[in-house]
Amino acid sequence: MSDPAVRTVDLVKQYEGGRIHALNGVSVDVARGEFFCIMGPSGSGKSTFLHLVGALDRPTSGEVWLNGRSLSSERDLDTVRAWEVGFIFQLHNLLPALTSAENVEIPMVVSKLRRRERRRRAEELLESVGLSHRRDAVAAKLSGGERQRVAIARALANSPGLILADEPTGDVDSKTGEQIMETLLAVRRQVAATLIVVTHNPRVARDADRVMEMLDGRLRSSGQL
Amino acid sequence: MLILKNLLRRKVRSALSLMGIAIGIGAIVSFNALGQGFRHALDAHMRETGAQLLIINKTVQDPAFSRVLKEEQDFVRSLPAVKNVSVGTFSIAAPRGLKVKTFMPALLVYGRTPGDPLLEKFRANIRGRLIEGEDEIMLGTVAAENLKLEPGETLELFRRTFRVVGVYESSISFERIGAILCNVVLQKELQMGDAASIVFVYLKDTAAWERVKQTVESAYPNLAAIRSEEFTLFYDQFEYIDWYVWIISLVSLMIGGLGVLNTMLMNVSERTREIGTLRAVGWSRGRVLGLILSEGTMLSIAGGLAGLGVGWAAAEGFIRSAPRDFFATRYSPELFAVAMIVALVLGLVGALYPAWQASRLSPIEALKYE
């Protein structure tokens, strides 16, 4: 049996010298290709979990394994973030001065692709999220929904096996949120990536293969709460 | 793409920073061009005499104070390798002594001997004639124009009245702004006795210059025999001018450097979240460092190029507004190269701290930055 896409073992994260316990021993496996959803109130530790799995931060203790490889032994988390993980943030975090296509190209800068190849790939990705007509629009001029769809295209830029989305519909109205999730699920199906979404929104969780809830830094199956 | 766009996002700030660098580089270019122009004109003046060696008294700081005694002149003249010797005296007359109402910073006064090649060379290009008597004076074209004098008119100088007998043309700016009178008169007025300021030495064999130089300098340790093309290299004060030029330029540069530092610090501070995003999508610390350094470098290259133009315009503007022929400019490829290297270093140094600060940001902290 192959290794899970993500495995966390007794994951603990503390801040301010142990005064704040963000995660209190989270152990979970996420299978390859699974759409895994974590719900929970603000401050429960959802985003912290996503940051540790996405190699944005290191745990205080415990371990994160991606595709059978422990991140504890990885000195260079930049490479992990560049090639294995695609991030979608609540506030999209696009570079406002750049166009949609240039924003999608940003993760590919670390690759060996030539500029023309990067541009072609960015245009393909924008087409897959229905934004090919906005490829030359500056990010600052895009609507909230368009920005988030550009962020989805950017997350797929280096074809990662794992997509992490932190409240992807949190900054848009419900209708736009529906469209964003449709787009996200459609492209995720195309690339057969594992998807972990943390959200408040039950409608987002509706299509998930599995939903768990985070409370006080502990992960439980939704029925347990 | 990203580098240029980041700089263009804050156009006014980038433009102000660019101007800071441009002014600093402009100061380097203009001051050096003027300094080099002065040196070049003086060297050309000495070279144009055709003498292979110039004998001066090295115990004084300025050639105007140099005294080469008659005995020393005769010694040089007696050397077998020497074909001919011309003696010259030199002084600078203050405008208040001229009693003319014209904007003329000074009148360069040369003492020459009638019949000497240093005087005869003007015969072909003179309106009027060469000086023959002690109460006669010749003026360079620019000096005549500034003093509003024509041949036949008189000029009061050194409490004496001289009759202007000729107005000469010269390719040397220091001669055009000068006056020539009999050497004995200038010697008398400067109380030099029969000493000269400079002895111009013409050799039978130009290759013998080194031997003559050694002979003269060992016989008279107070004298220096300088090759005419190396005249300005001999004088320390030109080095002081260079130092002043560089000190003034460096002060301007520091202001420019602080401009880059300030611009890049503000850029980094404003873009903390963006830097967090770049780190989140896999950009390494080194790549972020390179991005900020590249922005500083691009700013400084643009500022440096603008500075070349600013420096040229400032120096040429100065030349046009200053009395004619008193100043000259000279631009060398080396000057432009040094100016651009300084601009580049300035940009790198100014951007180094902000770049280091940006590269140290943890992605998580940067993404949370409000």
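Restrict the check to segment A:97-113 and report whether at least one residue is basic (K, R) and crowded, with 20+ Cβ neighbours inside 10 Å. For segment A:97-113, residues basic (K, R) and crowded, with 20+ Cβ neighbours inside 10 Å: absent.
A single entry from A:S100, A:S128 fulfils the requirement of being modelled with pLDDT of 90 or more and either over 19 Å from A:V187 (Cα atoms) or not charged (D, E, K, R) (or both): A:S100. The numbered conditions (1) closer than 22 Å to B:V109 by Cα; (2) modelled with pLDDT of 85 or more; (3) touching a Ser or Thr at 6+ places or on another chain (Cβ under 8 Å) are all true for B:D194 except (3). Search segment B:226-283 for residues being within 14 Å of chain A (Cβ to nearest Cβ) and of a type in the set (D, E), and hand back the single one that is farthest from A:I88 (Cα to Cα). In this case the residue turns out to be B:E270. Are any of the residues in segment B:293-307 out of contact with any strand residue (DSSP E or B) (no Cβ under 9 Å at 6 or more places or on another chain), within 14 Å of chain A (Cβ to nearest Cβ) and of a type in the set (S, T, Y)? So far as segment B:293-307 goes, yes, one or more of its residues are out of contact with any strand residue (DSSP E or B) (no Cβ under 9 Å at 6 or more places or on another chain), within 14 Å of chain A (Cβ to nearest Cβ) and of a type in the set (S, T, Y). Residue count for segment A:111-142, restricted to those that are of a type in the set (K, R) and outside any helix (DSSP H, G or I): 3. Within segment B:54-79, the set of residues being in a helix (DSSP H, G or I), among the charged types (D, E, K, R) and in contact (Cβ under 8 Å) with a residue 12 or more places away in the chain comprises B:K70, B:E72.
Between B:G282, B:G309, B:G296, B:G256, the distinction of being modelled with pLDDT of 90 or more, buried (at least 17 other Cβ atoms within 10 Å of the Cβ) and either under 16 Å from the mean Cα position of the chain (by Cα) or not charged (D, E, K, R) (or both) belongs to B:G282 only. The residue list B:A22, B:A33 contains one member that is touching an Asp or Glu at 6+ places or on another chain (Cβ under 9 Å) and either farther than 25 Å from B:A207 by Cα or surrounded by 20 or more Cβ atoms within 10 Å (Cβ to Cβ) (or both), which is B:A33.
Considering B:I364, B:I319, the condition of being among the hydrophobic types (A, V, I, L, M, F, W, C) and within 14 Å of chain A (Cβ to nearest Cβ) is satisfied by B:I364 alone.
So, B:G35, is that one more than 14 Å from chain A (Cβ to nearest Cβ) and under 28 Å from B:R324 (Cβ atoms) or not? Criteria met by B:G35.
Given the conditions (1) farther than 30 Å from B:Q36 by Cα; (2) among the polar types (S, T, N, Q); (3) free of Cβ contacts under 8 Å to residues at least 60 places away in the same chain, which single one is not true for B:T297? Among (1) farther than 30 Å from B:Q36 by Cα; (2) among the polar types (S, T, N, Q); (3) free of Cβ contacts under 8 Å to residues at least 60 places away in the same chain, the lone unmet condition for B:T297 is (1). Of the residues that sit in segment A:58-84 and are within 14 Å of the chain's Cα centre (by Cα) and not aliphatic (A, V, I, L, M), which one is nearest to the other protein chains (Cβ to nearest Cβ)? Going through the qualifying residues, I end up with A:R81.
Is it the case that some residue within segment B:314-331 is at pLDDT 90 or above and either closer than 30 Å to A:G54 by Cβ or crowded, with 21+ Cβ neighbours inside 10 Å (or both)? Checked against the condition, which is being at pLDDT 90 or above and either closer than 30 Å to A:G54 by Cβ or crowded, with 21+ Cβ neighbours inside 10 Å (or both), segment B:314-331 yields at least one hit. Kindly indicate whether any position in segment A:24-33 is within 13 Å of chain B (Cβ to nearest Cβ), in contact (Cβ under 8 Å) with a residue 12 or more places away in the chain and assigned to a loop (DSSP other than H, G, I, E, B). The answer is no; no qualifying residue exists. In segment B:122-149, the qualifying residues are those that are surrounded by 18 or more Cβ atoms within 10 Å (Cβ to Cβ) and part of a loop (DSSP other than H, G, I, E, B), and the one that is modelled with the lowest pLDDT is B:L149.
Filter segment A:85-110 down to the residues that are assigned to a loop (DSSP other than H, G, I, E, B) and more than 9 Å from every other protein chain (Cβ to nearest Cβ), then identify the one that is nearest to A:V53 (Cα to Cα). So, considering only residues that are assigned to a loop (DSSP other than H, G, I, E, B) and more than 9 Å from every other protein chain (Cβ to nearest Cβ), the one nearest to A:V53 (Cα to Cα) is A:Q90.
Of everything listed in (1) polar (S, T, N, Q); (2) crowded, with 24+ Cβ neighbours inside 10 Å; (3) modelled with pLDDT under 85, the single unmet condition for A:Q148 is (3).
The values are calculated or read from the model by the stated rules, or taken from the named source; none is laboratory data. Everything quoted here is computed from the prediction, not taken from an experiment. Neighbour counts are summed over all protein chains in view; Cβ atoms, including those assigned to glycine, are modelled from backbone coordinates with ideal geometry.
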